[in-house]
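To start, the structure itself, in structure tokens.
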């Protein structure tokens with residue numbers, strides 16, 4: 001009898017594994033295999049010269065050496081980081097504020113559901129379409145310049161946004177902010193709603209101000225979600241591509257200041273299909289992403305150690 | 001037990017279904033070498049004797065495929081095929097990308113060419129055995145990459161004879177000739193001139209007569225003097241610095257790439273110096289070449305440089321109130337004779353509809369009736385000496401955009417000196433990269449050295465085999 005019972009327990013576990021099969025299989029095929037292949041190919045010289053395939057020839061870590069010696073990797077990494085920060089700071093600030101308002105029971109916001117939908121909407125638009133829209137809005141003869149010149153009379157000749165380093169970066173950051181703050185708000189709000197209301201009530205009884213409640217209760221308890229948001233946003237930021245690519249027509253102009261790491265990768269695997277260098281760059285990015293995630297994770301769990 | 005079995009089967013089926021989607025499409029890059037002869041060197045077109053294809057009409061061509069696929073980067077040739085190719089019907093009025101020739105469906109794949117995107121798409125389809133490509137178009141900037149055995153079909157193998165191409169201009173054949181074999185054909189020639197605004201010419205120079213204006217701009221010094229006059233009168237000389245780029249870049253005496261090294265011709269440096277001067281003096285703008293829309297609507301800029309396809313395709317003819325619509329432009333040769341661009345039609349080596357593909361290539365680029373219609377309907381310049389000579393001599397012919405001026409003798413003059421021996425397969429990216437990099441220099445965002453660095457970096461990143 002006993003044995004039979006134990007058998008039943010084991011068979012439940014089995015179901016777990018069976019239901020995991022689709023994920024594992026898909027993961028292996030679409031993630032793990034390409035990942036291993038990428039690492040493998042990063043040690044080869046492998047590109048197209050005209051219509052002729054060069055390689056693959058094994059060249060050891062030559063691709064990595066070229067990448068660090070010749071390429072402007074640091075510059076592009078810095079570009080990526082700057083544009084990510086430009087977008088992320090307002091994003092986390094606005095999201096925290098909105099999340100606090102939406103989850104505050106005393107405020108009793110009307111039509112909160114409606115606003116939640118509205119702030120999420122920009123994320124539903126395809127990033128490339130969004131970029132095209134901004135490109136048209138801010139172009140030399142676009143409506144923003146018309147507004148600044150003819151209605152507000154701030155400037156007397158068109159300001160060419162896409163030839164200005166700061167303007168281009170700010171636009172990229174602003175678009176990323178617009179696209180992602182709704183998503184972040186929803187995540188943070190979920191975290192805030194998960195905080196025990198009795199803590200708020202106790203604070204209220206003790207006469208705490210809303211600011212104190214936010215800094216002393218909401219923020220510390222929100223920490224795990226906040227860390228998650230930072231990590232995912234950072235990884236997303238490292239992969240920034242479609243917005244600046246479309247906005248600058250793939251050039252990363254002006255003066256390569258809006259060129260992100262993935263746009264650089266795209267340049268390698270474009271015309272010459274340089275999978276060796278592309279692979280090397282991808283591996284470096286993979287390592288950076290891994291390290292950054294670890295650092296943020298360790299820092300956030302520092303207290304518990 | 002039955003249920004268990006069922007669920008196992010279901011989950012396996014699910015996984016199998018998911019995996020089925022990716023079979024036959026392995027991500028691996030095989031070591032299979034693309035079918036070309038030797039190392040791809042910059043095309044040395046100078047030694048080529050054009051004019052002979054060695055083909056005969058006896059070649060038997062067959063259609064075996066179920067559809068004809070044409071790859072191109074804009075609708076220029078597409079519109080001409082739709083309107084002028086006998087037997088071509090469009091499936092629906094709003095969808096130019098699907099049609100029929102007789103019973104054979106035709107599909108157009110249009111990929112804009114910026115940043116080599118068209119080349120990338122075309123490469124992928126040409127190398128992928130499963131992809132159908134029958135006809136593809138190439139530009140002079142990279143034609144040599146595709147006019148090689150195994151990629152494009154030699155015209156001789158398409159039943160095209162020497163008589164068919166006897167009237168073509170030699171340079172149009174040199175561009176698509178490799179090792180003495182002709183791989184493509186163009187319907188147009190691209191001798192170009194200076195297209196100037198008649199109103200502004202009258203106001204500032206006191207005349208809009210092409211000969212008199214030509215005398216005032218016959219070299220670059222005089223041209224820059226005129227730019228000064230324009231500035232004083234409140235006009236820009238050209239919409240943007242990029243306008244004059246091709247006048248310099250297509251008059252180079254050395255190629256972009258020499259022995260695997262990026263080489264900058266003195267003429268390119270001349271363009272950079274002149275453009276910087278003009279931008280600083282506010283005689284020209286700095287935006288992209290294709291963003292100059294307002295300049296074709298209002299009297300803002302004095303001139304642009306362009307070939308015949310510019311009139312119909314780029315100057316907003318037909319938008320209602322553009323300068324082109326009221327015939328407000330005129331043409332003269334300008335400071336330096338030049339040509340610009342051109343589109344060549346190639347039949348893919350792997351075509352499965354060789355008969356129809358050859359028919360389209362022959363009709364659309366060699367048929368006298370079609371070429372005459374291209375002049376009459378589109379004002380383009382065609383690749384047939386006899387027809388062009390006829391129009392050049394025709395005093396009754398006039399182009400609407402040019403206010404009735406006959407442009408063909410000026411284009412003829414520009415074609416006299418065309419030298420395509422300095423073309424390489426790297427030209428598109430080099431030409432794009434230098435304009436992007438130097439725009440940052442013109443606007444003062446970076447100094448000239450940094451701009452050069454940016455240029456070299458982009459070219460080296462795009463082509464790993466090149467170095468500075």
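The values are calculated or read from the model by the stated rules, or taken from the named source; none is laboratory data. Please read all numbers here as calculations on a predicted model, not as lab measurements. As a convention, Cβ positions derive from the backbone with ideal geometry for all residues, glycine included, and neighbour counts pool all protein chains shown.
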- [ ] Among the candidates B:328, B:379, B:288, B:320, single out the residue that is in the same structural domain as residue B:201 (by TED's automatic domain parsing), at pLDDT below 90, surrounded by fewer than 23 Cβ atoms within 10 Å (Cβ to Cβ) and on the phi > 0 side of the Ramachandran plot.
- [x] B:320
Task: Options B:310, B:245; residue that is out of contact with any helix residue (DSSP H, G or I) (no Cβ under 9 Å at 6 or more places or on another chain), closer than 28 Å to residue B:412 by Cβ and touching a residue at least 40 places away in the same chain (Cβ under 8 Å) - done: B:310
Open item on the list: Of everything in region B:191-217, what is assigned to a loop (DSSP other than H, G, I, E, B) and out of contact with any helix residue (DSSP H, G or I) (no Cβ under 7 Å at 6 or more places or on another chain)? Give them in sequence order.
Closed with: B:206, B:209
TODO: Among the numbered conditions (1) surrounded by fewer than 19 Cβ atoms within 10 Å (Cβ to Cβ); (2) in contact (Cβ under 8 Å) with a residue 12 or more places away in the chain; (3) within 14 Å of another protein chain (Cβ to nearest Cβ); (4) part of a helix (DSSP H, G or I), tell me where residue A:136 comes up short.
DONE: (2)
Open item on the list: Can you say whether residue B:300 is within 14 Å of another protein chain (Cβ to nearest Cβ), touching a residue at least 60 places away in the same chain (Cβ under 8 Å) and within 28 Å of residue B:212 (Cβ to Cβ), as far as the supplied structure shows?
Closed with: yes
Open item on the list: Being part of a helix (DSSP H, G or I) and in contact with a helix residue (DSSP H, G or I) (Cβ under 7 Å, 6 or more places away or on another chain) is the filter here; which residues of region A:191-211 pass it?
Closed with: A:191, A:192, A:193, A:199, A:200, A:203
TODO: Kindly provide the set of residues from region A:67-108 that are loosely packed, with under 15 Cβ neighbours inside 10 Å, assigned to a loop (DSSP other than H, G, I, E, B) and either within 14 Å of chain B (Cβ to nearest Cβ) or touching a helix residue (DSSP H, G or I) at 6+ places or on another chain (Cβ under 7 Å) (or both), ordered by number.
DONE: A:70, A:107
- [ ] Exactly one condition in (1) crowded, with 21+ Cβ neighbours inside 10 Å; (2) in the same structural domain as residue B:113 (by TED's automatic domain parsing) is not met by residue B:301; state its number.
- [x] (2)
Open item on the list: With the structure loaded, tell me whether residue B:252 is under 30 Å from residue B:383 (Cβ atoms) and either in contact with a helix residue (DSSP H, G or I) (Cβ under 7 Å, 6 or more places away or on another chain) or not in a loop (DSSP other than H, G, I, E, B) (or both) or whether it fails that test.
Closed with: yes
TODO: Filter region B:133-146 for residues that are more than 10 Å from chain A (Cβ to nearest Cβ) and buried (at least 19 other Cβ atoms within 10 Å of the Cβ) and give the result.
DONE: B:133, B:134, B:135, B:136, B:137, B:138, B:140, B:141, B:143
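Quick grid of which residues meet (1) within 14 Å of another protein chain (Cβ to nearest Cβ); (2) part of a helix (DSSP H, G or I); (3) in contact with a helix residue (DSSP H, G or I) (Cβ under 7 Å, 6 or more places away or on another chain):
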site: A:218; (1), (2), (3): no, yes, yes
site: A:224; (1), (2), (3): no, yes, no
site: A:229; (1), (2), (3): no, yes, yes
site: A:245; (1), (2), (3): yes, yes, yes
site: A:254; (1), (2), (3): yes, no, yes
site: A:257; (1), (2), (3): yes, no, yes
site: A:278; (1), (2), (3): yes, yes, yes
site: A:292; (1), (2), (3): no, yes, yes
Open item on the list: Looking for something more than 16 Å from residue B:277 (Cβ to Cβ) and touching a residue at least 60 places away in the same chain (Cβ under 8 Å) - is there at least one such residue anywhere in region B:219-233?
Closed with: no
- [ ] Among the candidates A:141, A:128, single out the residue that is farther than 30 Å from residue A:39 by Cα, touching a residue at least 12 places away in the same chain (Cβ under 8 Å) and surrounded by 12 or more Cβ atoms within 10 Å (Cβ to Cβ).
- [x] A:141
Task: Given (1) crowded, with 16+ Cβ neighbours inside 10 Å; (2) at the interface with chain A (Cβ under 10 Å from one of its Cβ atoms), index of the condition residue B:80 fails - done: (2)
Open item on the list: Between B:373, B:467, which is surrounded by fewer than 17 Cβ atoms within 10 Å (Cβ to Cβ), farther than 23 Å from residue B:140 by Cβ and in contact with a strand residue (DSSP E or B) (Cβ under 9 Å, 6 or more places away or on another chain)?
Closed with: B:467
